[in-house]
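Taking it in order: structure first as structure tokens, then the write-up.
The values are calculated or read from the model by the stated rules, or taken from the named source; none is laboratory data. Everything numeric in this text was worked out from a predicted model, so none of it was measured. Don't worry about glycine lacking a Cβ; one is built from the backbone with ideal geometry, like all the others, and counts go over all protein chains shown. With ligands, DNA and RNA removed, areas are computed over all heavy atoms of the protein, side chains included. Shrake-Rupley method; radii C 1.70, N 1.55, O 1.52, S 1.80 Å.
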Amino acid sequence: MNVISIIVPCYNEEESIGYFYNAIREIGEKLEDAELELVFVDDGSKDNTYEKMCELHEKDNMVKCISFSRNFGKEAAIFSGLRAGAGDCFVVMDADLQHPPETILEMYACWKQGFEVVEGVKKSRGKESKLHKWFAGMFYDVISSTTHMDMRNSSDFKLMDKKVVRELCALTEKNTFFRALAYWVGFKSTSVSYEVCERVAGKSKWSYWKLGKYAVKNLTSFTNAPLQIITILGIIFLIIGAALGMDAIVSFIKGGAVGGYPTLVLLIVISTGAIMISLGIIGIYIAKIYDEIKNRPQYIIRDSKK
Ligand code: UDP
Ligand code: MG
């Protein structure tokens, strides 16, 4: 009998957890040659999420639960769940049933065929605003082209073999980006597509501000492209500067007056802007180095039930 560990990060999901558990039970009954293990990770919820998890743990021993001392973020919750699971393969999915549980059956079938990573790929992005879709599209375009991994429409919904999970858990970095790391580790992979469903209850925890921070954090933790862009920008400025300089010298020699106060102002404004942005980008990377070097744990577990 194979064991499938299902890792579920939860933040303020007291309303969704019951529905989620029932849906997973149904899937468990459809699996003939596998058992399920459910690892709920309460990411410092402010409602009764953990109490709900513990109730399920009391009545069903396939349920394990972990509670964080505060909100450490979905990434931390995923990694803590992966470390706690004991299955032969692992599925990471959201608690709000936006990732359809039936897809687990398809993923499991792929795993039995020998695939070690089975990506859940969104057929469409579900009901998101145009602006949201545009930002997400741009983010994945940048990250896909700079990391040379096609991450368009990827999500955190994945099945992974325990070998893959072992490698992921052995990584020492604290600024993790699970979605991209699952590509980065390699292994034999395939994908199954799924339709994003409506949230079963509660509401999404993402604001545009949070999403923006998430994008910057993950982009910079996965690619050095912004730093290279600075260098390219510098070269462009140098070329423009040289051309303008030559022009100024030539017109000086010719005896023409070097006018152009507006040009000067414009140049100063543009170049200071570019310098400030560049410093900011470098700052983000330095902050990341500082964060990693402090070597604080990615999360703190307050309580757990195995
Ligand atoms: N989540 C979490 N910690 C957080 C935010 C979210 O563990 O700080 C969980 C949340 O409970 C859910 C999953 O991550 O199971 C996805 O969150 P959400 O549905 O809010 O995001 P969306 O589906 O809108 O991307
Ligand atoms: Mg959701």
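General observations
- Simple rule: put +1 on each Lys or Arg Cβ and -1 on each Asp or Glu Cβ in the chain, find the dipole, and look at 22, 229, 117; the Cα lying farthest toward the positive end is 229.
- Evaluated at q = 0.25 Å⁻¹, a Debye calculation over the C-alpha positions of segment 176-249 (equal weights, vacuum) places log10 I(q)/I(0) at -1.14.
- Segment 44-73 and segment 237-256 have Cα centres separated by 68 Å.
- Here segment 226-306 is assigned +1 on the Cβ of each Lys and Arg and -1 on the Cβ of each Asp and Glu. Its dipole about the Cα centre then comes out at about 540 debye.
- What the Cα convex hull of segment 112-184 gives, in volume per residue, is 109 Å³.
- Distance cut-off 22 Å, percentage of C-alpha pairs in segment 40-127 lying past it: 36
- R0 of 30 Å, Cβ-Cβ distance residue 190-residue 294: FRET efficiency to nearest 0.05: 0.20
- Length gained on full extension, residue 123 to residue 47, computed as 0.36 nm times the residue gap minus the Cα-Cα distance: 24.1 nm.
- For the peptides 276-286, 103-113, 73-83, residues were scored by their other Cβ atoms within 10 Å and the scores averaged per peptide; the highest-first order is 73-83, 103-113, 276-286.
- On Cα atoms only, tilt of 225-253 relative to the major axis of the chain in degrees: 10
- Inter-part distance, segment 1-28 to segment 139-168, computed on C-alpha centroids, equals 22 Å.
- Over 29 Å (Cα to Cα) - which of 59/123; 46/130; 130/210; 30/163; 46/213; 158/203 fall in this group: 59/123; 46/130
- The share of alpha-carbon pairs in segment 96-141 lying farther apart than 13 Å comes to 66%.
- Along its first, second and third principal axes, ordered by size, the chain spans 92, 40, 36 Å in Cα coordinates.
- Counted over all Cα-Cα pairs of segment 191-306, pairs farther apart than 22 Å make up 64 percent.
- Stokes-Einstein, applied to the Kirkwood radius of segment 1-155 over Cα pairs at a viscosity of 1.002 mPa s and 20 °C, places its translational diffusion at 129 µm² s⁻¹.
- For segment 14-87, the fraction of alpha-carbon pairs in successive 5 Å shells from zero, as %: 3, 16, 25, 26, 19, 8, 3, 1
- Separation of segment 89-127 from segment 288-305 is 28 Å, based on Cα centroids.
- Segment 29-73 - accessible surface per residue (Å², probe 1.4 Å): 48
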